[in-house]
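Accompanying notes for the structure given below.
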Amino acid sequence: MELITSTDVLAAFSKRAAGYDFVTVDTEFLRETTYWPKLCLLQAATPDEAVLIDPLAPGLDLSPFFKLLANDKVRKVFHAARQDIEIFVKLTGKVPANIFDTQVAASVCGFGDSVSYDNLVRSITKVELDKSSRFTDWSARPLSEKQKVYALADVTHLRDVYAALLKQVDDTGRWDWVEDELAVLESIHTYVVQPEHAWERLKARLAKPRDVAALKALAAWREQRAQDTDQPRSRILKDDALIELAMQRPLNPESFDKLRAVQRGYGRSSAAGEIVSILKDVEALGKTDLPKLPDRHRGPSPKGAVGDLLRVLLKSVAEDNGVASRIIATSDDIDALVLDDDADVPALKGWRRKLFGDKALAIKHGKLGLAASKKGVIEIEIIDDDDEE
């Protein structure tokens, strides 16, 4: 099997690949000790050939392959594309043009949420993949034959998976479902984390505006430091430490020793000095400069009976359409929908709204009921007296 290590050979392959409707793509990378993923191997296949590309080869210029990725006439087929695309965004500043994710397509074709590549290959092609090389060191050279076989299988079987899913999406008429999901992958904002938004990924329920202000500032500091030093966020500070710091707000080295989530002596580090400076700025904020907390909800609890009814509806709709319920709406979506008719959640947008969201709102407002039958859950339109008049 061919391992491309020279720019001329890569350019020749990329030129041939540009003549096809699609090319399957995968990557092998490392990121256990870094913020940014380190690309170690590229795999690509057209309908007629498959190659391995060594990005670590001395003097190899990946520009010809990047040009292929930018060619909107050639569809780039990935499985679980997000991390692969993140690598290309880091290297080129752009999302590959005309992408297709077989994991996304599989989810709307009834294969379940986030189905793995090997399970999808087994279901569609009846081939059992050897995944024993999955966690090998892809940065080590030379690559073993077993590694090469494993890596190539990630793009060769993907051709058959793509063809089968393409037909199923066409047959079910669910292209709008797929396109809604792909829109997220096609947005460069999916891959570029702005430090000022880093706090949004933290699962923290803070009740005080100043705690929230501190968390925002500390999360931005950690994100910027992780990016600048190319270290994982957790090596700078773990999430639980960040949240504790936001709530306790130590302003001297001794105060750090009273915290449970940071090691003893951390308060005398240079990082602690930066944190203290940030927290002093937070303490100096006036009340009008603090973030506003969302209004306390006074309606039904999302974990109460209304939320339970919507979960029954979701399960019924998912079964009727042969897809995993999580594809249509998450538990968080339902909670948000109970609290707000105009919640900014996927369940109230596009095909999901037509399939589930509008019915969920109708149940919430007493215009639709659910009942059990021998065939499963049925929906019953409720007509009140005002409607009859």
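Is it the case, given these coordinates, that ASP176 is under 23 Å from the mean Cα position of the chain (by Cα), assigned by TED's automatic domain parsing to the domain that holds SER107 and either surrounded by 15 or more Cβ atoms within 10 Å (Cβ to Cβ) or modelled with pLDDT under 95 (or both)?
Yes, satisfied.
Can you work out which of the residues in segment 119-155 that are among the β-branched types (Val, Ile, Thr) and buried (at least 19 other Cβ atoms within 10 Å of the Cβ) is farthest from HIS79 (Cα to Cα)?
Checking each candidate, the answer is ILE124.
In contact (Cβ under 8 Å) with a residue 24 or more places away in the chain, closer than 22 Å to ARG159 by Cβ and either charged (D, E, K, R) or not assigned by TED's automatic domain parsing to the domain that holds GLU319 (or both): does that describe ALA57?
no
Considering only residues that are assigned to a strand (DSSP E or B) and within 30 Å of ARG233 (Cα to Cα), which ones fall in segment 1-52?
Listed by number, the residues that qualify are VAL25, ASP26, THR27, GLU28, PHE29, LEU30, LYS38, LEU39, CYS40, LEU41, LEU42, GLN43.
Looking only at segment 326-357, filter to residues that are acidic (Asp, Glu) and assigned to a helix (DSSP H, G or I); which one of those is surrounded by the most Cβ atoms within 10 Å (Cβ to Cβ)?
ASP333
Does any residue of segment 81-88 turn out to be assigned by TED's automatic domain parsing to the domain that holds LEU185, touching a residue at least 60 places away in the same chain (Cβ under 8 Å), among the basic types (Lys, Arg) and within 19 Å of GLU28 (Cα to Cα)?
For segment 81-88, residues assigned by TED's automatic domain parsing to the domain that holds LEU185, touching a residue at least 60 places away in the same chain (Cβ under 8 Å), among the basic types (Lys, Arg) and within 19 Å of GLU28 (Cα to Cα): present.
Tell me which residues, restricted to segment 1-33, are polar (S, T, N, Q) and surrounded by fewer than 22 Cβ atoms within 10 Å (Cβ to Cβ).
Within segment 1-33, THR5, SER6, THR7, THR33 qualify.
I'm checking my understanding of the structure. Among residues of segment 34-48 that are out of contact with any strand residue (DSSP E or B) (no Cβ under 6 Å at 6 or more places or on another chain) and among the hydroxyl-bearing types (Ser, Thr, Tyr), which one is surrounded by the fewest Cβ atoms within 10 Å (Cβ to Cβ)?
For segment 34-48, the residue satisfying everything is THR34.
Scan segment 358-378 for residues that are out of contact with any Pro (no Cβ under 9 Å at 6 or more places or on another chain) and buried (at least 17 other Cβ atoms within 10 Å of the Cβ) and jot them down.
LYS359, ALA360, LEU361, ILE363, LEU368
Write out, first by first residue and then by second, each pair whose Cβ atoms fall under 6 Å of each other, whose residues are 6+ apart or on separate chains, and whose first residue, in segment 331-357, is under 20 Å from ALA305 (Cα atoms) while the second is buried (at least 19 other Cβ atoms within 10 Å of the Cβ) and among the acidic types (Asp, Glu).
Taking only residues 6 or more apart or on different chains, the pairs are ALA347/ASP333.
Which residues, counting only those in segment 81-118, are crowded, with 18+ Cβ neighbours inside 10 Å, assigned to a loop (DSSP other than H, G, I, E, B) and of a type in the set (A, V, I, L, M)?
Listed by number, the residues that qualify are ALA81, VAL95, VAL115.
Can LYS73 be described as in contact with a Ser or Thr (Cβ under 8 Å, 6 or more places away or on another chain), on the phi < 0 side of the Ramachandran plot, free of Cβ contacts under 8 Å to residues at least 60 places away in the same chain and surrounded by fewer than 16 Cβ atoms within 10 Å (Cβ to Cβ)?
Considered against the rule, which asks whether it is in contact with a Ser or Thr (Cβ under 8 Å, 6 or more places away or on another chain), on the phi < 0 side of the Ramachandran plot, free of Cβ contacts under 8 Å to residues at least 60 places away in the same chain and surrounded by fewer than 16 Cβ atoms within 10 Å (Cβ to Cβ), LYS73 comes out as no.
Limited to segment 1-22, what total is found for residues that are among the aliphatic types (A, V, I, L, M), over 23 Å from TYR150 (Cβ atoms) and in contact with a helix residue (DSSP H, G or I) (Cβ under 8 Å, 6 or more places away or on another chain)?
So the count comes out to 2.
Hey, can you tell me all the residues within segment 244-265 that are surrounded by 12 or more Cβ atoms within 10 Å (Cβ to Cβ), more than 33 Å from the chain's Cα centre (by Cα) and either part of a helix (DSSP H, G or I) or of a type in the set (Gly, Ala, Ser) (or both)?
Correct list: PRO253, SER255, PHE256.
Right, ALA213: more than 18 Å from PRO291 (Cα to Cα) and out of contact with any strand residue (DSSP E or B) (no Cβ under 9 Å at 6 or more places or on another chain) or not?
No; evaluated as a whole, the condition is false for this residue.
One residue is enough: does segment 200-222 have a residue meeting the conditions out of contact with any helix residue (DSSP H, G or I) (no Cβ under 9 Å at 6 or more places or on another chain), assigned to a helix (DSSP H, G or I) and over 23 Å from LEU30 (Cα atoms)?
no
Name the residue, out of VAL184, VAL193, VAL178, that is in contact (Cβ under 8 Å) with a residue 40 or more places away in the chain and among the hydrophobic types (A, V, I, L, M, F, W, C).
Just a single option satisfies the conditions, and that option is VAL178.
Spot the failing condition for LYS303; the list is (1) farther than 23 Å from THR172 by Cα; (2) in contact with an Asp or Glu (Cβ under 8 Å, 6 or more places away or on another chain); (3) crowded, with 19+ Cβ neighbours inside 10 Å, and only one is missed.
It fails just one condition, (3).
The values are calculated or read from the model by the stated rules, or taken from the named source; none is laboratory data. None of these values were measured; they are calculated from a predicted model. Don't worry about glycine lacking a Cβ; one is built from the backbone with ideal geometry, like all the others, and counts go over all protein chains shown.
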